[in-house]
Amino acid sequence: MNRKRILIVDDEKDLSFIIAEMLNGCGYQAECADSAEAAYDMLSQNTFHLILLDINLPDSTGFEICRELRRVSQIPVIFASARTAENDRITGFDIGGDDYIPKPYSMKELLSRINALMRRVYSSDEYIYTFGDVSVNISARTVSKSGRNIELAKREFDLLAALCKNKNTAIPKEKLLSDVWGAFSEVEPSTLTVHIRWLREKLEDDPAKPKYIKTVWRLGYMLEDNT
C-alpha cells in the first residue's frame, strides 16, 4: 500500500512523537523535524504529501518556511500553533496555508482535518489514467502497456504520475523537479531529462519520436493525449 507521507515540523519533540505515532497507526507515514534547517533538509531529500507546521521554531518561523515552500511547491500545509491571534491566522492563509489549527488540539480533530485535506487534494489518486495502450493505476502504482506489466523505478513512476495528473498541460521543469524529487532538492535538470528518456524508452513505440511524452520547448514536458 502506498502511504501518504506527512512531515511534522515542531520543536516540541514529545508532541511530534505522539502525533507521528498516531498518524502511523492511521495509515500515514509520518516523519518529524524540530527546526527549519531540519525541515529544509528533509524536504530536499524526500517527497511529502502534507506538512503540519508550527509557527515558532528555534531558527526561523513556520511562516517563513511556508513562504519559501510556495515558491516551488503547492504541497498542503496545516499550521498548528499556540499563536491564535486573528492576524496570525490571516497571515497563515494569505501566504498559502491550507488550514490553521490552534494548540492545544485533540488528536481526533487533527486527524479529521488531515483526512479532509488529503481527500480534497489527492482524490484523483484513485483514478486510473490511460493514453494509447498504456494504463497507469496511481493508487496501486502499477503501469501496463498492451496488457503487459511495465516495471518503473520510484522516481520514474512519480514523474509519470505527475504527467498523468496534468494530461495535455505543459509542466515547467522546475515544478516537476519539486514535485518528484522534493521541494528544496538540488537535483540537476539533466536528471529530469534522463528520467524522461527512460519513460519514453519503456512506454513509447518510437522513443526517438515520442507520441505522448512531449518536450515543450523552453518550458518543460507534457503528456499529450487527445483521444
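Among Val194, Val180, Val134, which is the only one that is of a type in the set (Val, Ile, Thr) and under 18 Å from Phe48 (Cβ atoms)? Before the answer, list the steps.
On the way: Val194 fails: under 18 Å from Phe48 (Cβ atoms); Val134 fails: under 18 Å from Phe48 (Cβ atoms).
Just one listed residue meets the conditions, Val180.
For the structure I just gave you, tell me whether Ile55 is within 21 Å of Lys173 (Cα to Cα) and in contact with an Asp or Glu (Cβ under 9 Å, 6 or more places away or on another chain). Taking the combined requirement at face value, the residue does not satisfy it. Of the listed requirements (1) more than 16 Å from Asn115 (Cβ to Cβ); (2) in contact with a helix residue (DSSP H, G or I) (Cβ under 7 Å, 6 or more places away or on another chain); (3) touching a residue at least 60 places away in the same chain (Cβ under 8 Å), Ile6 misses just one: (1).
Within the bounds of segment 113-136, is there any residue that is without any contact (Cβ under 8 Å) to a residue 60 or more places away in the chain, surrounded by 14 or more Cβ atoms within 10 Å (Cβ to Cβ), over 26 Å from Ile78 (Cα atoms) and not hydroxyl-bearing (Ser, Thr, Tyr)? Within segment 113-136, one or more residues are without any contact (Cβ under 8 Å) to a residue 60 or more places away in the chain, surrounded by 14 or more Cβ atoms within 10 Å (Cβ to Cβ), over 26 Å from Ile78 (Cα atoms) and not hydroxyl-bearing (Ser, Thr, Tyr). Among the residues of segment 191-227, the ones that are part of a strand (DSSP E or B) and free of Cβ contacts under 8 Å to residues at least 24 places away in the same chain come to 2 in all.
Take the residues of segment 10-36 that are in contact with a Ser or Thr (Cβ under 8 Å, 6 or more places away or on another chain) and not hydroxyl-bearing (Ser, Thr, Tyr): which is nearest to Lys103 (Cα to Cα)? The qualifying residue nearest to Lys103 (Cα to Cα) is Asp10. Being outside the structural domain of Glu186 (by TED's automatic domain parsing), surrounded by 17 or more Cβ atoms within 10 Å (Cβ to Cβ), free of Cβ contacts under 8 Å to residues at least 24 places away in the same chain and not acidic (Asp, Glu) is a property that holds for Tyr100. Taken over segment 77-95, the residue count meeting the criterion of being at pLDDT below 95 and closer than 18 Å to Ile6 by Cα is 2.
Among the residues of segment 54-65, is there at least one that is under 21 Å from Asp11 (Cα atoms), under 14 Å from the mean Cα position of the chain (by Cα) and modelled with pLDDT of 95 or more?
The initial filter retains those residues of segment 54-65 that are under 21 Å from Asp11 (Cα atoms), namely 54-65.
With under 14 Å from the mean Cα position of the chain (by Cα) added as a condition, the list becomes none.
The answer is no, given that none of the residues of segment 54-65 is under 21 Å from Asp11 (Cα atoms), under 14 Å from the mean Cα position of the chain (by Cα) and modelled with pLDDT of 95 or more.
Pick from segment 128-151 the residues that are assigned to a loop (DSSP other than H, G, I, E, B) and either within 15 Å of Asp205 (Cα to Cα) or touching a Ser or Thr at 6+ places or on another chain (Cβ under 8 Å) (or both): which of them is modelled with the lowest pLDDT?
So the first thing to find is which residues in segment 128-151 are assigned to a loop (DSSP other than H, G, I, E, B), and the list is 132-133, 138-141, 146-147, 150-151.
Still in the list and also either within 15 Å of Asp205 (Cα to Cα) or touching a Ser or Thr at 6+ places or on another chain (Cβ under 8 Å) (or both): 132-133, 138, 146-147, 150.
Numbers: Gly132: 93, Asp133: 94, Ile138: 86, Ser146: 93, Gly147: 91, Ile150: 95.
Top of the filtered list is Ile138.
Let's see how each residue does on (1) among the charged types (D, E, K, R); (2) at pLDDT 95 or above:
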site	(1), (2)
Lys165	yes, no
Gly182	no, no
Pro189	no, no
Thr193	no, yes
Lys202	yes, yes
Asn226	no, no
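Taking the stated definitions as given, is Thr142 free of Cβ contacts under 8 Å to residues at least 24 places away in the same chain, outside the structural domain of Phe63 (by TED's automatic domain parsing) and loosely packed, with under 14 Cβ neighbours inside 10 Å? Criteria not met by Thr142.
For Phe17, the conditions (1) touching a residue at least 24 places away in the same chain (Cβ under 8 Å); (2) over 18 Å from Glu109 (Cβ atoms) all hold with the exception of (1).
The values are calculated or read from the model by the stated rules, or taken from the named source; none is laboratory data. Being a predicted model, the structure only gives us computed values, none of them experimental. Neighbour counts run over all protein chains shown; Cβ positions are idealised from the backbone, glycine included.
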